[in-house]
Every structure is written in C-alpha cells, then in structure tokens.
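Below is one structure, written out as structure tokens; the observations come after it.
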Ligand code: TA6
C-alpha cells in the first residue's frame, strides 16, 4: 500500500483505522467491518454521523458511519436463525484489496476475512468499493460462486449527519409505499418525510434519486441495484436505550439506506452491485 493518500494507523484501544488524507477530502475506514467512519470533503463538515459512544474495539458493530449489512438485512432467519442482526461482515476484520487514484479521486476496495467454512456455506463472495472525491460513491458487490441460485438481502446502512432532525426533510419518496417496521403496517408516503418520532420504514422502490435537506445542506442521494430504501431514526427513548448511541444523537442523524429487502435471488456465477452515491 504505497499510495500517498492512505495510511494504516494501528490503534491500541480500537480496531486499526485506514486514514485517508486527500486534497479533496479526509476519511477514515475501520478494518473492523470495512466500515467507513467519517467522510469530510475539504472545507465541509463530516457528511456522516458517528456516535461518540460507538465501540471501536471490535467488540460490537460500530454505531454510525456506514455499516454494511450482508448477506441479510435485519434479523437472521431460516438456516441462519440466531446469527447476528444484519449479517456477519460488519463484525469481521477486512483486508485492503486495492487503492488507486490521483489528486482528483481515490478508489479503495476492501473485502471481509470470511472464515472458510462460512464462505463455503454461503457460496457468496463480497467486496466494498469506496470512490472518494468531493463526493462519495459506495458499491457493495456480491458474486454467487456456488452452483445454485442464492437469496441475498443487504443494505448500505448510511448514518447521515444533520444539523437538526427537526429541520430535516427527506424528499422524492412521496407516493411511495412503505413497510412500517414499528406498526407492522404497509402505508403510503403522502408528503415529504419529516421526522418527529421513532421512524423505521422500508420504502419499497427502486427509484434512483432522493434528497435529504437541512437548514444548511442538501444531500443528493442516488442509488442502483436496490429494491428498497430504508429510513430510520430511533428517536429519544430507543437512542437512550442503546449504550453505544449518544442519548441526544437522534437529533443529528438519519439513516437513509439503499437496500435489497424484497427477495433478491442471485443466479449461479452472477454478480450484483448495490450502490449509493452521495453528493
Ligand atoms: O436500518 C434500520 C434497522 O434495521 C432498525 O430496525 C435498527 O435495528 C437499525 O437497523 C440498527 O440496527 P443495529 O443492529 O445496528 O442496532
């Protein structure tokens, strides 16, 4: 890894961190989880929210940044029942596959150290690619290396930083149907999304564009390869009940996630790219 823009910083009390310092941005990626922790374009605030009480020592998935949920989203079911929520890879160490770029863009690829027996059992391989500039492009790329069709659910579980959730609006999901994970009902979004309570919704759509507007910023979000967009804010009580979630953190974050939650089946030998692009 002789790229001038990235270095591995060995931590004593936390997972090793890849620190990226580039003319157009700074970023940090934890080896644990292949987990993008921060992304800060030059002269801007961090686009991502990271809990100050997040565990960075590998004892549990990191709260904030961009957790990668794979090879399932949500609780484990079927043959994987009892396994961790949101799959294995956000709790594994990852290795650097590739770093390339110039003073305009930097591309970083990592893959998880899947134990061989697990890799055999899954029949799936995965890597993440981060493409950095003054924008951020994330791709979660899965290949079915088995000889049979395989189910896959996943999410790029991005924690967006907002100045104040009470002045935040998520647009372009109007008219979209969603599964409300709190009420277990299916509803239709009428207006733009304003959050003033606990929200945990799976918008069933493959639309590519939406935005997250606050007083000072408009974050334009686009995606590909998804069949749903997840919107989550735990709000006050749930935030308080999570030891790794700042008690008032819910006021400064909203998760907007490109996801596959609707029963994607990956044919043998095929590759699926789930993408989220942010500018
Ligand atoms: O993406 C929304 C969600 O599935 C919520 O239901 C909530 O569980 C959130 O993910 C965080 O999950 P975690 O396992 O990271 O605490």
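Computed from the coordinates by the stated procedures, all read-outs in this text should not be read as laboratory data. Since we're looking at a predicted model, the values are computed, not measured. Every residue, glycine as well, gets a Cβ built from its backbone with ideal geometry; the counts of neighbours run over all protein chains shown.
Results, tabulated for the structure shown:
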| quantity | calculated |
| --- | --- |
| Euclidean distance of C-alpha centroids, the stretch 1-53 and the stretch 237-266, integer Å | 21 |
| Rounded to 5, percent antiparallel among DSSP beta bridges of the stretch 1-118 | 95 |
| Sorted by Cβ neighbour density within 10 Å, fewest at the top, the residues 145, 231, 128, 66 | 145, 231, 128, 66 |
| Cα-only Debye scattering, the stretch 153-279: base-10 log of I(q)/I(0) at q = 0.16, 0.21, 0.22 Å⁻¹ | -0.79, -1.28, -1.37 |
| Mean separation of Cα contacts under 8 Å (6+ apart) over length of the chain, as relative contact order % | 17 |
| Residues 36, 266, 251, 98, sorted so that the one with the fewest Cβ neighbours within 10 Å comes first | 98, 251, 266, 36 |
| Volume per residue that the Cα convex hull of the chain spans, once the total is divided by residue count, Å³ | 131 |
| Three semi-axes of the equivalent ellipsoid, the stretch 175-248, Cα gyration tensor, whole Å, largest first | 22, 17, 12 |
| Separation of the residue 145 and residue 248 label points, Cα + 7 Å toward Cβ, nm | 4.8 |
| Shape of the stretch 64-208, Cα gyration tensor, a/c cut at 1.5 | oblate |
| Counting DSSP beta bridges with both ends in the stretch 1-70, the antiparallel % (nearest 5) | 100 |
| Length-normalised contact order for the stretch 2-41 - Cα pairs under 8 Å, 6+ apart - percent | 28 |
| Cβ crowding within 10 Å averaged over residues, with 42-54, 155-167 ranked highest first | 155-167, 42-54 |
| Translational diffusion of the stretch 1-65, µm² s⁻¹ [Kirkwood Rh, Cα pairs; Stokes-Einstein; 37 °C; 0.692 mPa s] | 268 |
| Viscosity 0.692 mPa s, 37 °C: Kirkwood-radius Stokes-Einstein D of the stretch 133-194 over Cα pairs, µm²/s | 209 |
| Size-normalised alpha-carbon gyration radius of the stretch 30-134, reference 2.2 N^0.38 Å | 1.17 |
